[in-house]
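Note sheet for the following structure.
The values are calculated or read from the model by the stated rules, or taken from the named source; none is laboratory data. What you see is a predicted model; the values in this text were computed from it and never measured. No Cβ is skipped: glycine too gets one built from the backbone with ideal geometry, and neighbour counts run over all protein chains shown. These accessible areas exclude ligands, DNA and RNA; they are computed on the full protein's heavy atoms, side chains included. Shrake-Rupley method; radii C 1.70, N 1.55, O 1.52, S 1.80 Å.
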Amino acid sequence: MPKDGGIGASTKRREDVRFLTGAGNYTDDINVRGQAYVHFLRSDVAHGRINGIDTGAAEAMPGVVRIFTGADFEGVGGLPCGWLVTDRFGQPMQEPPHPVLAQGKVRHVGDPICAVVADTLEQARDAAEAIVLDIEELPAVVDMKAALAEGATKVHDDLKSNLCYDWGFVEENREAVDKAIKEAAHVTTLELVNQRLVANPMEPRVAVGEYNRGTGDHTLYTTSQNPHVIRLLMGAFVLGIPEHKLRVVAPDVGGGFGSKIFHYAEEAFCTFAAKACNRPVKWTASRSEAFLSDAQGRDHVTKIELALDKDNNFTAIRTDTLANMGAYLSTFSTSVPTWLHGVLMAGNYKTPLIYVNVRAVFTNTVPVDAYRGAGRPEATFQLERVIDKAARELGVDPIALRRQNFITEFPYATPVAVEYDTGDYVATMDKLEEVADLTGFAARRKASEAKGMLRGLGVNCYIEACGIAPSNLVGQLGARAGLYDAATVRVNATGSISVMVGAHSHGQGHETTFPQVVAEMLGIDASQVEIVHGDTSKIPFGMGTYGSRSLAVCGSAMVRATEKIINKAKKIAAHLMEASEADIELKDGAFSVAGTDKSVAWGDVTLAAYVPHNYPLEDIEPGLEETAFYDPANFTYPSGAYACEVEVDPETGKVTIESFTAVDDFGNIINPMIVDGQVHGGIAQGIGQALLEHCVYDDNGQLQSASYMDYAMPRADDVPFYAVDHSCKTPCTHNPLGVKGCGEAGAIGSPPSVVNAVIDALQSGGKNVTHIDMPLSPSRVWAAMNG
Amino acid sequence: MYSFELERPTRLADAVKLLSDSTESLPLGGGQTLIPTLKQRLASPERLVSLAGIAELKGVKTEGGTLTVGGGTPHATVAAEAGAYPALAALAGNIGDPAVRNRGTIGGSLANNDPSACYPAAALASGATLVTDRREIAADDFFQGMFSTALDEGEIITAVRFPIPEAANYQKFEQPASRFALVGVFVAKYPDGVRVAVTGASEEGVFRWSEAETALSADFRAEAVQGLSVPAEGMIGDLHGSKAYRAHLVGVMTKRAVAAAKG
């Protein structure tokens, strides 16, 4: 197999040609003949009772097709939540309805009240301004602690309180953990905020609904990471359209980072309105709308306690977290602070007793859901910060403390219900010390100090659970879907191959990497293989792309389907060469008979499958196309060790990242260049969280950081040139490629080392600062230094 | 965006005439503030009078000790051509990003008087003269608080005359999101004394820090302002920094500007 196109080759991304030359086909590029445009009139108050909506004048405005309100959706289902969490008393979570358009109340700034469909967007906006709303403003619930207080205003009048659930994990460990903490030689406590973030993909969300009244077929073009999931949720739960009458297309998508996993009201609206208006209906979010309607991320307030014995061995961890759900339950919101967070609390360490308590809270803010890492960054951050704090309190080296407590034997069953199949945390830490030249730090600190700067070094480890997920397990945990994936390998008559995959590529480079796998397996050139994705009418099924799952789950399905292809092709080859199937070998794109010089080319076999003149028709069917569904046996557990060096300007509090080193164990790697890029992007987002990004609401629930004037995205000059190493490889033991996933690692692994480094810098300058909440903006660092 | 008429005169006199007739009009410079405002439907002028096509409003020239910049000159041109006043050129070259610098104009920035904009600090610290279609206004009289200036309705800044200082420097501490000045300090040393102008910090917009000016006029070294401070009261306090933080940064940025000041 030529190594320029198979597994392990840093093949250039073939999709970039169209993206970089303006030839991509994004949802906003799709214009359907006769389409109308919708503008959503959104709430400008965080909480209010709708006493009246007068659309009379607006309906008479030029170009208006129809104006919809919540009343039009009374017979229609609400947006569903995909994960039922059971609380620590065995009761189901409180699950409020989530109407497509507000009914009775508005619950966050941006909550859609009316939808104006008109011939042009400007006409729709003009008409929206003529709608007269009578909304009685109610007190807004913004702070989570206040939301849980006795007598607090309720976001949902029909619920008992603003508590979605009180989850304990593992509940049976609760008393033992309390006891261990009481009896510990040392307990380090850290209270922190993992701040709310806005995902901000470059492409805002877009939806185009189309209805064919001749056939009754619906089509939705949408910016989604998982078109089949949208078809399932919207068809079955919201609009009642059976799968065979509903096609969902997610064409080129310009970034998602989790925010495009979920089923949104605008998608259901455009699909519904296309039929109701008998016209295609298009919606394109403005950036301002994205800030008010895309699901946001993180937003945990946590207290973590780490107990150690007299020899500094970890003996117990107890955490208490408030997790903000926002005003409604977004599709996977409830799983993020529980099953994607609590089960990761062991980290890379053998702590025998762990108890995680999470209370999920409704507030009058935009809904919160998965954002790159989803629960795992929150777990990693608190754990790696409290370990650093413990090291300082105990006067021990933070790396030595980590090493002492590393899990070293695999498989390892954690006290929080998962089994790490493989890993080598000592090796990644050894590699980190080497690549980051930690022994040279003292000299670098001296050089910084000579310029009047404080220099700090921060290190952390991380573990994540990717390859989401074994369906039988997640079913027990409350998932309302299976989390397998599927692929169809269609070998064409002349030997080229189309692979229809359930994974969706929106920046991950699947169109390049997936063919590398098939090419390697068949010994043909990768250019002969093309990926088809993002259209429910073209691909067999798929649960989509999130949780670093595409290669580990969908890629495994693709391998299984390709194996079926090879098996069938060998039968055909055996027939063509009049040999026994058992003697057929596939190598370098040709089939040969072992021990002979007989061989047939790949193309001869594929042609025979479609022109079966000389073919074993009594044994096998013509054609060469196979489908496989793959349900993973376990999560995968990528892990790594990161180091960050910062300089802090003691006069201004400004933090500059001087170096960042990421050592990751992703198991086997298909395309090292693309893995580097995934890590780079993840770290940039992690640095964004650590130093820059902050989604802030005021006490009235108004979003203060509602544009890029106030929401600080990381830019190229905010981040350093990274040192990225993935030479430590412990292949996953349970999927055919031995791969683990790399998409979220950077975002999960980087915030703690940045913050640890800043704390280290400040302490080196004699400042008794033990924690600063993210983002570590200049003003916050300065305030901490002068507090 | 609401509908509006667009006029693109090529002569200043025509622009002035359009801005003074009975149609409600707004002058459009580089549009870096006005266009986003229109897109958000926060303004609904009947007509925009673009100044972008008026050649007589553009250009940078140096005569004697004065650098004159046409009111319609984009920041990128100032950055490239104001070599006679290096601190001003450097300031212009660090406003926004290349797209902003190639559209935004000095006249537009000064007329808008955003409390976090860079140019007001340069104009005030230089004791510049703002020339309009009808008069000359001293910088000391021009800036009248946040988004407020001495300009009358329809009055156009045609040029800005900067006396070239012996030494000057501008230090901008950037707000992390917008990269406008969280605090920006422009220090300019003239034979008759030092002028210090501060942007980004005050609720009243750009201001002169007279205490620092006095100290620096006597001793133009960073040490001279050590220990001086502006009161936190009256400073802007927001997501990106408290009043106290901004007051502190005024001192730090002033020191750094003095230390970096060059002719």
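Here is how the numbers come out for the structure above:
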quantity: Restricting segment A:1-60 to residues that are among the charged types (D, E, K, R) and open to solvent by less than 50 Å² (accessible area, probe 1.4 Å), the residue that is nearest to A:Asp157 (Cα to Cα); calculated: A:Arg42
quantity: Restricting segment A:290-303 to residues that are among the hydrophobic types (A, V, I, L, M, F, W, C) and surrounded by 21 or more Cβ atoms within 10 Å (Cβ to Cβ), the residue that is nearest to A:Ala118 (Cα to Cα); calculated: A:Leu292
quantity: Checking A:Ala379 against (1) outside the structural domain of A:Gly766 (by TED's automatic domain parsing); (2) exposed (fewer than 15 other Cβ atoms within 10 Å of the Cβ), the condition it does not meet; calculated: (2)
quantity: Only listed residue being open to solvent by less than 50 Å² (accessible area, probe 1.4 Å), among the hydrophobic types (A, V, I, L, M, F, W, C) and within 14 Å of chain A (Cβ to nearest Cβ), chosen from B:Ala167, B:Ala177, B:Ala224; calculated: B:Ala177
quantity: Residues satisfying the stated conditions in segment B:132-149, i.e. buried (at least 20 other Cβ atoms within 10 Å of the Cβ) and under 18 Å from B:Ala13 (Cα atoms); calculated: B:Thr132
quantity: Those residues of segment B:1-42 which are free of Cβ contacts under 8 Å to residues at least 60 places away in the same chain, within 14 Å of chain A (Cβ to nearest Cβ) and in a loop (DSSP other than H, G, I, E, B), in sequence order; calculated: B:Met1, B:Tyr2, B:Ser3, B:Phe4, B:Gln40, B:Arg41, B:Leu42
quantity: The listed residue being free of Cβ contacts under 8 Å to residues at least 40 places away in the same chain, under 30 Å from A:Pro650 (Cα atoms) and in the same structural domain as A:Ser727 (by TED's automatic domain parsing), out of A:Ala413, A:Ala400; calculated: A:Ala400
quantity: Residue within segment A:722-739 that is under 22 Å from A:Val663 (Cα atoms), assigned by TED's automatic domain parsing to the domain that holds A:Glu658, open to solvent by 70 Å² or more (accessible area, probe 1.4 Å) and in contact (Cβ under 8 Å) with a residue 12 or more places away in the chain present; calculated: yes
quantity: Among the residues listed as A:Gly509, A:Gly456, A:Gly534, the single one being in the same structural domain as A:His734 (by TED's automatic domain parsing) and open to solvent by less than 30 Å² (accessible area, probe 1.4 Å); calculated: A:Gly456
quantity: Pairs, first free of Cβ contacts under 8 Å to residues at least 60 places away in the same chain in segment B:144-155, second outside any loop (DSSP other than H, G, I, E, B) and open to solvent by 20 Å² or more (accessible area, probe 1.4 Å), C-beta under 6 Å, six or more apart; calculated: B:Ala150/B:Asp141; B:Leu151/B:Ala111
quantity: Options B:Glu204, B:Glu153: the member that is over 16 Å from the mean Cα position of the chain (by Cα) and open to solvent by 40 Å² or more (accessible area, probe 1.4 Å); calculated: B:Glu153
quantity: Scan of segment A:650-683 for residues that are within 14 Å of chain B (Cβ to nearest Cβ), open to solvent by less than 20 Å² (accessible area, probe 1.4 Å) and assigned to a loop (DSSP other than H, G, I, E, B), ordered by number; calculated: A:Thr652, A:Gly653
quantity: Check on B:Thr214, open to solvent by less than 60 Å² (accessible area, probe 1.4 Å), among the hydroxyl-bearing types (Ser, Thr, Tyr) and either in contact with a Leu (Cβ under 9 Å, 6 or more places away or on another chain) or away from every other protein chain (no Cβ under 14 Å) (or both); calculated: no
quantity: In segment B:8-25, residue nearest to B:Val78 (Cα to Cα) [restricted to those that are in contact with a strand residue (DSSP E or B) (Cβ under 6 Å, 6 or more places away or on another chain) and of a type in the set (A, V, I, L, M)]; calculated: B:Ala15
quantity: Residue that is farthest from B:Pro120 (Cα to Cα), among those in segment B:46-65 that are open to solvent by 10 Å² or more (accessible area, probe 1.4 Å) and in contact with a Phe, Trp or Tyr (Cβ under 7 Å, 6 or more places away or on another chain); calculated: B:Glu46
quantity: Evaluation of A:Val426 against (1) in contact with a Phe, Trp or Tyr (Cβ under 9 Å, 6 or more places away or on another chain); (2) of a type in the set (A, V, I, L, M, F, W, C); (3) surrounded by 24 or more Cβ atoms within 10 Å (Cβ to Cβ) (one fails), failing number; calculated: (3)
quantity: Criterion (within 13 Å of chain A (Cβ to nearest Cβ), over 30 Å from A:Glu693 (Cβ atoms) and buried (at least 17 other Cβ atoms within 10 Å of the Cβ)) met by exactly one of B:Lys189, B:Lys243, B:Lys255; calculated: B:Lys255
quantity: Matching entry among A:Gly209, A:Gly216, A:Gly151 (being of a type outside the set (Ser, Thr, Tyr) and in contact with a Leu (Cβ under 6 Å, 6 or more places away or on another chain)); calculated: A:Gly209
quantity: Residue in segment A:613-632 that is in a loop (DSSP other than H, G, I, E, B) and within 30 Å of B:Gly241 (Cα to Cα) present; calculated: no
quantity: In segment A:684-724, residue nearest to the other protein chains (Cβ to nearest Cβ) [restricted to those that are touching a helix residue (DSSP H, G or I) at 6+ places or on another chain (Cβ under 8 Å) and farther than 28 Å from A:Thr365 by Cβ]; calculated: A:Val719
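Listed here are the residues, each with its yes/no results for (1) touching a Ser or Thr at 6+ places or on another chain (Cβ under 8 Å); (2) more than 18 Å from A:Thr271 (Cα to Cα); (3) touching a residue at least 12 places away in the same chain (Cβ under 8 Å).
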site: A:Ala9; (1), (2), (3): no, yes, yes
site: A:Glu15; (1), (2), (3): yes, yes, yes
site: A:Leu20; (1), (2), (3): no, yes, no
site: A:Ser43; (1), (2), (3): no, yes, yes
site: A:Ala60; (1), (2), (3): no, yes, no
site: A:Val76; (1), (2), (3): no, no, yes
site: A:Val85; (1), (2), (3): yes, yes, yes
site: A:Gly90; (1), (2), (3): no, yes, no
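To keep it simple, each residue is scored yes or no on (1) in contact with a strand residue (DSSP E or B) (Cβ under 7 Å, 6 or more places away or on another chain); (2) under 22 Å from B:Asp133 (Cβ atoms); (3) open to solvent by less than 30 Å² (accessible area, probe 1.4 Å); (4) at pLDDT 95 or above.
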residue: B:Thr73; (1), (2), (3), (4): yes, yes, yes, yes
residue: B:Ala80; (1), (2), (3), (4): no, no, no, yes
residue: B:Ala84; (1), (2), (3), (4): yes, no, no, yes
residue: B:Ala92; (1), (2), (3), (4): no, no, yes, yes
residue: B:Ile95; (1), (2), (3), (4): no, no, yes, yes
residue: B:Ala99; (1), (2), (3), (4): no, no, no, yes
residue: B:Gly107; (1), (2), (3), (4): yes, yes, yes, yes
residue: B:Cys118; (1), (2), (3), (4): yes, no, yes, yes
